[in-house]
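To start, the structure under review is shown below, and the notes come after it.
Only the coordinates and a few stated rules stand behind these numbers; no lab work does. Because the structure is predicted, anything quoted here is derived from the model rather than measured. Cβ placement follows ideal geometry from the backbone for every residue including glycine, while neighbour counts extend to all protein chains displayed.
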Amino acid sequence: MHRYRDGEAALSGFATDYAFLIWGLLELYEATFEVSYLETALDLNRTLIDHFWDEANGGFFTTPDDGEALFIRQKEIYDGATPSANSVAMLNLLRLGRMTADMKLEEKAAQIGRAFSADVEKAPAAYTQIMCALSFAIGPGSEVVIAGDPDSSDTKAMLTELRTHFVPNKVVLFNPAEKAPAIHRLAAYTRELGQIDGNATAYVCRNYSCSMPTTDPGKMIELFA
C-alpha cells in the first residue's frame with residue numbers, strides 16, 4: 001500500500017513504493033544476513049514485474065495494471081532529489097540477479113537501460129541513479145559469499161574487513177555453518193561454497209566464476225583488485 005496512518009493502510013502502491021522498499025530490504029539483508037529480508041525483496045520484485053512492467057517497450061509504469069484506470073500510464077526515469085523508480089529498480093534487478101544467479105532478472109535490468117537510453121544519453125547528469133546501475137552492469141562486479149559461524153571471531157573479522165573497504169559493485173551473501181540454511185533455497189549455488197577446515201571462508205566471484213576460496217581476510221580484499 002502507498003500510505004499508512006492511524007491504523008489504516010490505503011491506496012495501491014506505486015512503482016516507487018516497491019522499488020525503494022526492495023532497495024531497503026537488500027541493504028538490510030547485507031547488513032544482517034537475515035534471509036527473510038532477501039526473500040521479501042524477491043517476492044515484492046515479482047509483484048513489481050507482474051503488475052508494473054511494460055511488456056511492449058520495457059521499463060516500469062508508475063502505476064499498476066490493477067490500479068485506478070488512467071488514460072495514460074506514465075513511466076519515469078528522471079533522477080531528481082529522489083531517484084526514479086526505474087533507476088532504483090534497475091539496480092535492484094541487477095543485485096537480485098547476481099545474488100540468486102537468475103539471469104532473467106539481469107536481462108530485465110538491461111531492458112530498462114535500453115528503454116531509456118536515448119533520454120539518458122542526452123543528459124547523463126540528470127540520471128545519476130541509473131548511471132550507478134549502468135556502472136554495476138558494466139562492472140567489474142563481484143559476488144561475495146562468506147561461509148562461517150556467525151558468532152565466531154574469524155567470521156566477524158572477515159566481515160569487518162570486507163565492510164571496512166570501499167568495494168563498489170558487489171553483492172554479499174552469508175552461508176552459515178548449519179544444516180540446510182535458508183539461503184540455499186534462494187541462492188542454490190551457495191550449497192557448494194562452504195567452510196575450509198571449519199574456518200570462516202570467503203569466495204570472491206565475478207560473473208559467477210569464483211576465485212580460489214580464502215580464509216585470510218587480507219587475501220580476500222586482494223581478490224577484488
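Pairs of Lys residues in the range 93-225, spaced 8 or more positions apart or belonging to different chains, with C-alpha separations under 28 angstrom: 9 in total. Alpha carbon centre of the range 54-94 versus the range 111-188: separation in Å? Answer, in whole Å: 23. Converting phi to 3J(HN,Hα) with the Karplus coefficients 6.51, -1.76 and 1.60 and the offset θ = phi - 60°, the range 26-31 yields 5, 5, 5, 4, 5, 7 Hz in sequence order, with x at every glycine or proline.
For Ile183, the shell of other residues with beta-carbons less than 11 Å away shows a net charge of -1, using +1 for Lys and Arg and -1 for Asp and Glu. For the range 142-222, the Cβ-based charge dipole about the Cα centre amounts to some 320 debye (Lys, Arg positive; Asp, Glu negative; other atoms uncharged).
Counting other Cβ atoms within 10 Å as a rough exposure proxy, the listed residues Lys170, Lys122 run Lys122, Lys170 from fewest neighbours to most.
Counting only Cβ charges, +1 for Lys and Arg and -1 for Asp and Glu, the dipole size of the range 35-111 around its Cα centre is about 240 debye. With the convex hull of its Cα atoms as the shape, the range 20-129 has an orientation-averaged projected area of 7.5 nm².
Tally Lys and Arg at +1 and Asp and Glu at -1 over the other residues with C-beta under 12 Å from the C-beta of Leu93: what net charge comes out? Present the calculation step by step, with values, prior to reporting the outcome.
Details: positive: Arg46, Arg95, Arg98, Lys104, Lys108; negative: Asp102, Glu106, Glu107.
Taking every Cβ under 12 Å from that of Leu93, the sum is +2.
In terms of surrounding Cβ atoms within a 10 Å radius of their Cβ, Arg185, Arg206, Arg95 rank from fewest to most as Arg185, Arg206, Arg95.
Can you tell me how the range 124-208 classifies by the Cα gyration tensor, rounded, prolate or oblate, using a/c under 1.5 as the rounded cut? Kindly include the intermediate steps, with their values, before the conclusion.
Details: a/c = 2.80, a/b = 1.90, b/c = 1.48.
Note, shape of the range 124-208 comes out prolate.
Taken along the Cα-to-beta-carbon direction at a fixed 7 Å, the label points for Ala10 and Asp197 span 6.4 nm.
Compare the peptides 207-215, 173-181, 57-65 by average per-residue count of other Cβ atoms within 10 angstrom and give them in order, highest first.
Details: 207-215: 13.9, 173-181: 15.9, 57-65: 18.8.
Listed from highest to lowest mean packing, they are 57-65, 173-181, 207-215.
Placing one equal scatterer on every Cα of the chain and applying the Debye formula, the log10 ratio I(q)/I(0) at q = 0.13 Å⁻¹ is -0.79. Indicate the gyration tensor shape class of the range 36-82 (rounded, prolate or oblate), computed on the Cα atoms with a ≥ b ≥ c the square roots of the eigenvalues: a/c under 1.5 is rounded; otherwise a/b larger than b/c is prolate and the rest oblate. The shape class here is oblate. Listed as lacking a disulfide-compatible partner in the chain: Cys132, by the criterion of no other cysteine Cβ under 4.7 Å.
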